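All remarks here apply to the structure that follows.
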Amino acid sequence: MLTNSHTPTVKAVSSKFLPPEDAKARVSQFMKQLQDDITQALSELDGVGKFHEDAWERPEGGGGRSRVLREGKIFEQAGVNFSEVWGSHLPPSILAQRPEAEGHKFYATGTSLVLHPRNPYVPTVHLNYRYFEAGPVWWFGGGADLTPYYPFAEDAAHFHKTLKHGCDQHHAEYYPVFKLWCDEYFYLKHRNETRGVGGLFFDYQDGQGTLYRGPNPKGPAANYSDQVGVLPQRTWEDLFAFIQSGGKAFLPAYVPIVQRRHETEYGERERNFQLYRRGRYVEFNLVYDRGTIFGLQTNGRTESILMSLPPLVRWEYGYQPEPNSPEAQLYETFLKPQDWINWTPNS
């Protein structure tokens, strides 16, 4: 049963739906391995840049590994973080959504990345998969989304289809709900536009109730989730397997796009537009992003939290793209939610 705000309520569950005793260790190991796999693949892809690692500790408990590649051939800056923190008090950003966790010690671990390529024809990309425990309350969250500057429909379709394949191995309704949730979440309200072409986003998944757990009970994601209804209860093992599929889908979803676009010639116009659009990324991450807010509220390492910001960016007052230009196409088509799964070259 859900409240009107789609916030899950506490109810008794059998022991088979609770996390196993080694849950924290297993998720932590997977998140570290995911960081290892992605940084190795990106280093090989770039061919010039190397990741520098900073290991850090959090005074209240826990720490992490921040890996950043700067001034590479392909990536102007690429950050891939692993963190594992614990403490006695959850931050307000979590308690606002899961008040039943109040009063419990918490544990949180995850891997996140943001890649800012040099070439404007290669899209920026973001990934985050995470796990929380607070007493008897636990959940998984995460997803990935693509932010192109000069977009290509075949790239957006490939990204979405690859993520959908990972979802479909676990439940046919995961992708439809989490795609709509992504369109809702990565939305700049003050600009009235999406951040990019979307992907997946989900949070507070504990195997109970309906899939959508966001703040907008009347939005497309909530409406679709309500039509699907309450799914049969899924176990911790079911959801952990889903998270693993999502993490492993990232490289096949993104690397082929980079390989197709990174040698495309560009000039000052394209570079300036890329830097201008990067400003939207900064605005979203500083104003809306839950990971940024959670990290700052839990006294995380500031450099690691803000590694998602691009090394260079520009703002321009009152910018308007030229009519019928590639820049205008981004605004008119690609920054509006699309059905990328059913896209074909002739559509």
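The values are calculated or read from the model by the stated rules, or taken from the named source; none is laboratory data. Quick caveat, the model's predicted, so the values are computed rather than measured. Here the Cβ positions follow ideal geometry from the backbone for every residue, glycine too, while neighbour counts run over all protein chains shown. We work out accessible area using only protein heavy atoms, side chains counted, and drop any ligands, DNA or RNA first. Shrake-Rupley method; radii C 1.70, N 1.55, O 1.52, S 1.80 Å.
Observations on the model:
- Against the criterion of solvent-accessible heavy-atom surface with a 1.4 angstrom probe, Asp289, Asp339, Asp36 sort, most first, into Asp339, Asp36, Asp289.
- Most to least accessible of Tyr266, Tyr129 (protein chains only, probe 1.4 Å): Tyr266, Tyr129
- Accessible area of the chain divided out per residue, in Å², using a probe of 1.4 angstrom: 44 Å²
- The listed residues Tyr317, Tyr149 rank as Tyr317, Tyr149 when sorted by accessible area, largest first, using a 1.4 Å probe.
- Per-pair calculated FRET efficiency, R0 = 25 Å: Leu286 and Tyr266 via Cβ, rounded to 0.05: 0.35
- Helix-only arithmetic for the chain: the sum of -39500 (n - 2.57) across DSSP H runs with n ≥ 4, divided by the residue total, places the mean residue ellipticity at 222 nm at -11500 deg cm²/dmol.
- Remark: relative contact order (the chain) = 18 percent; criterion is Cα-Cα distance under 8 angstrom and separation of 6 or more residues.
- Taking a straight line from the alpha carbon of Lys50, these lysines sit under 17 Å away, with near neighbours fewer than eight places off in the same chain left out: Lys73.
- Site pair Ala241 and Arg70 shows an inter-label distance of 4.3 nm when each label is modelled 7 Å from Cα along Cα→Cβ.
- Per residue, the average separation of C-alpha pairs within less than 8 Å and at least 6 apart gives the stretch 190-269 a relative contact order of 24 percent.
- Trypsin sites (Lys or Arg not before Pro) within the stretch 285-341, DSSP loop, no more than 15 other Cβ atoms inside 10 Å: Arg314
- Here r is the Cβ-Cβ distance between Leu306 and Lys189 and R0 is 30 Å; the resulting FRET efficiency, rounded to 0.05, is 0.90.
- Taking θ as phi - 60° and the Karplus parameters 6.51, -1.76 and 1.60, the scalar couplings of the stretch 100-105 work out to 5, 7, 4, x, 9, 5 Hz in sequence order, x denoting glycine and proline.
- Relative contact order for the stretch 95-168: 25 percent, from Cα pairs under 8 Å spaced at least 6 residues apart, divided by residue count.
- In this structure Lys336 has an accessible area near 110 Å², from a 1.4 Å probe over the protein heavy atoms.
- Qualifying GluC sites (Glu not before Pro) in the stretch 240-347, DSSP loop, other Cβ atoms within 10 Å at most 13: Glu263, Glu265, Glu316
- Comparing Tyr149, Thr292, His165 along the charge dipole axis of the chain, the residue lying farthest to the positive side is Thr292, per the Cβ-charge model.
- Highest GNM mean-square fluctuation among His160, His89, His116, for the chain modelled with Cα contacts below 10 Å: His89.
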